[in-house]
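K.L.:
Below is one structure. I have some questions about it.
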Amino acid sequence: MKREIKFRAWDNLENRWYEPTFEGYRGKIEEIMLSPRGRLTMRTMTELIDESMFPNRFELMQYTGLKDKNGGEIYEGDIVRTGEDNIGDPESMIGQVIMREGSWLIENEKMQEAIELFSEITSREVIGNIFEDKQLLEGKYE
């Protein structure tokens with residue numbers, strides 16, 4: 001099975017996501033480039049920003065290769081809710097997608113629990129991410 005390898009980057013300065021593809025957006029083309037050594041560079045029509053000029057500006061998140069129940073791509077750092085059809089899971093849970101020991105997990109630090117992201121018997125739904133929706137992990141959700 002072939003897994004698609006791709007990334008997205010959170011810009012801590014601009015508080016927005018960048019996808020590593022060309023985007024035609026109001027005449028402004030944006031691109032995030034990742035060097036073989038892991039250095040990020042953002043290119044727009046008007047500027048070129050290398051992360052060496054702005055340390056800790058970008059947070060790189062990897063695509064898990066999985067989609068949620070709505071067909072949305074699941075990335076590292078997403079906040080995921082396990083489904084109501086939680087056969088096999090201890091109970092419904094909300095947690096952050098992380099990589100640990102080569103496996104994608106949903107981790108809820110407050111409950112000190114982690115379960116596998118992939119499941120054939122229960123659905124997963126992305127409800128936010130750790131940059132824009134951190135309160136979802138703090139138990140302040142509906």
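K.L.:
So if each residue of separation counts as 0.36 nm, and I subtract the Cα-Cα distance between S52 and M99, what length gain in nm does that give? Walk me through the intermediate numbers first.
P.N.:
Details: separation 47, 0.36 × 47 = 16.92 nm, distance 2.55 nm.
Here the answer is 14.4 nm.
K.L.:
Same structure, new question: Which of L13, L40 has the fewest other C-beta atoms within 10 Å, and how do the rest follow up to the most?
P.N.:
Details: L13 10, L40 22.
Starting with the residue having the fewest Cβ neighbours, the order is L13, L40.
K.L.:
Right, next: Bin width 5 Å, origin at 0, all Cα-Cα pairs of the stretch 62-137: what percent of pairs per bin?
P.N.:
Pairs per bin, as whole percents: 3, 18, 31, 28, 16, 3.
K.L.:
Moving on. When the chain is fully extended, how far beyond the present Cα-Cα distance does T41 get from N70, taking 0.36 nm per residue of separation? Don't skip to the answer; put the middle values down first.
P.N.:
Working: separation 29, 0.36 × 29 = 10.44 nm, distance 3.14 nm.
So the chain would gain 7.3 nm between T41 and N70.
K.L.:
Quote the FRET efficiency, to the nearest 0.05, computed for I127 versus L34 with a Förster distance R0 of 30 Å and r equal to the Cβ-Cβ distance.
P.N.:
Numbers: r = 27 Å, r/R0 = 0.91.
Efficiency computed from Cβ-Cβ geometry: 0.65.
Every read-out reported here was derived from the displayed coordinates using simple, explicitly stated rules and does not represent laboratory data. In this text, all values refer to a predicted model and were calculated from it rather than measured experimentally. Positions of Cβ are backbone-derived with ideal geometry, glycine not excepted, and every protein chain shown enters the neighbour counts.
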